[in-house]
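Following: one structure in structure tokens, then a few remarks.
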Amino acid sequence: MQYDFDEMIDRENTNSVSVDGWRARIFKRHQHEHFPFDDIGYIRMWVADMDFATPEVVLDAIRDRLNKRILGYTQVYEQKYYDVLQSWFQRRYGVTIDTSKMVFSPGVVPALKQLVPLIMKDDESILISTPSYTPFKVAGDYNQRRVLYSALVNHNGYYEMDFADLEAKIADPQNHISLFILCNPHNPTGRVWSEEELTRLAQICVKYDIWIIADEIHCDLLRSGLQHHSMANIMPDYQKLILCTAPSKTFNLAGNLVSHIFIRDSSVLARWKNRYADMHSPLSVAAAQAAYEKGEDWLEALKRYLDDNLAFMAEFVQTKLPLAKFTKPEATYLAWVDLTAYQQRLGEAEGWAFFFAKNAGVVLEDGPMFVDNGQGFVRLNIACPRSVLGKALERMAEALID
């Protein structure tokens, strides 16, 4: 089947965070700043949802559910939902998921905030790798837990964990680290962690008996030919592993508010169930089930389009922004670009996000928005029609070399 990822879809007047929320979310202190572009003229490449239509098989499932005409209180009772999930993870990743250990959350981010006080004492700390998806730190801040950083090592665009630093920080009794939050694959760098890397990380966590929460929300969005290794397989019996997955990034269902959280420890699982009710939108249940049951063909076509978008971007950067450093990410639809060599162009702008919003009409996120170890970088969401990507890159190049 053919899918039109070049289609331009108008997201105006939909209460979209991407379209309508960028001023408040990125420029809180500059909401009344005069930007030289009309709102409709901005190219938004920041928040991680896509400008592609949600798969038609998912939209059809929502329409079918609407035709039932009653949208009452809903939980998941039918075994087919769980069978579809189990089939997806077994077929694609060789992961056998235990749905009796699964709970629902409106998102991985809310789940992180809820899990931290369930598994940590007040005086214990969280360790994350940086640069980091910001909500990992927020989960600690929200619950008044200290968050410590271990900087990833950048080898000319290829990031690796510093295992010596990780273990030293975890082993230090003064740090009181009881939780490591892993992004697998990694956001924002796009690394697909190897089986060897994850095994080494697992050995450290087991050695010091600490919790590990593995956010694997980007696992379906790998470049062609690469393989995702789930921590569920790396640590098959470790009770202090919590796995977080969702169809949101894969099928452009971020507003669907369904995530699947796998909690092995029976006491933590019981406390979660006592605190949080698994009530859902009936449309969200229908959409998630249809995505995993019928959306695989669409996903494979999407991955090919994203591969081509990233190849297009790599060639553009090489020819028109030769001082920039860009390595195609192994996963995600997020490009992590080093603009350190153009730093003098910033002038009085407080960062690259502000610079490009003012001078190029492109909304993106810059390195300091990813906690630490990201100075000089920008993150661009390339899950958009290629014509939009090309226009955004042209504008950015003009702003940098003018």
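The values are calculated or read from the model by the stated rules, or taken from the named source; none is laboratory data. The model shown is predicted, which means the values in this text are computed figures rather than measured ones. Cβ coordinates were reconstructed from backbone atoms using ideal geometry, including for glycine residues, and neighbour counts include every protein chain displayed. Just the protein is used for accessible areas: all its heavy atoms, side chains included, with ligands, DNA and RNA removed. Shrake-Rupley method; radii C 1.70, N 1.55, O 1.52, S 1.80 Å.
Of note:
- Shape of the stretch 202-321, Cα gyration tensor, a/c cut at 1.5: oblate
- Relative contact order of the stretch 57-294, pairs being alpha-carbon contacts under 8 Å that are 6 or more residues apart, as %: 29 percent
- Solvent exposure of the stretch 57-294, expressed per residue, is 43 Å² of accessible area, with all protein chains present and a 1.4 angstrom probe.
- Within the stretch 57-294, DSSP assigns beta bridges of which about 40% are antiparallel (rounded to the nearest 5).
- Simple Cβ-charge dipole of the chain, Lys/Arg +1 and Asp/Glu -1, about Cα centre, in debye nearest 20: 800 debye
- Cross-linked pairs Lys249/Lys325; Lys80/Lys303; Lys303/Lys391; Lys169/Lys358: Cα-Cα separations exceed 29 Å for Lys169/Lys358.
- Cα gyration tensor, the stretch 284-402 - rounded (a/c under 1.5), prolate or oblate: prolate
- Just checking the listed ones, Lys121, Lys28, Lys169: in the Gaussian network model of the chain with Cα springs under 10 Å, the one fluctuating most is Lys28.
- Net charge dipole, the stretch 57-294: roughly 820 debye, given to the nearest 20, about the Cα centre with Cβ charges of +1 for Lys and Arg and -1 for Asp and Glu.
- Positive-end extreme of charge dipole, the chain - chosen from Val108, Val378, Leu166 (charges on Cβ): Val108
- Shape of the stretch 57-294, Cα gyration tensor, a/c cut at 1.5: prolate
- Accessible area per residue was computed with a 1.4 Å probe on protein heavy atoms; Asp122 scores about 120 Å².
- In the chain, the DSSP beta bridges split such that about 50 percent are antiparallel, to the nearest 5.
- Using a Gaussian network model of the chain in which every pair of alpha carbons under 10 angstrom is joined by a spring, one finds that among Asp215, Asp162, Asp307 the greatest mean-square fluctuation is at Asp162.
- Rounded to 5, the percent of DSSP beta bridges in the stretch 194-299 classed as antiparallel: 50 percent
- Within straight-line reach of Lys328, meaning a Cα separation under 14 Å, sit the following aspartates and glutamates at least 8 residues removed in sequence or on another chain: Asp307, Asp308, Glu315, Asp338.
- By accessible area, using a 1.4 Å probe on protein heavy atoms only, the chain has 49% of its surface on carbon and sulfur.
- MRE, 222 nm, helices only [DSSP H, n ≥ 4, -39500 (n - 2.57), over the chain, to nearest 500]: -11500 deg cm²/dmol
- Taking the chain and dividing mean pair separation by its residue count, relative contact order in percent (alpha carbons under 8 Å, at least six apart): 24 percent
- Relative contact order of the stretch 173-326, pairs being alpha-carbon contacts under 8 Å that are 6 or more residues apart, as %: 18 percent
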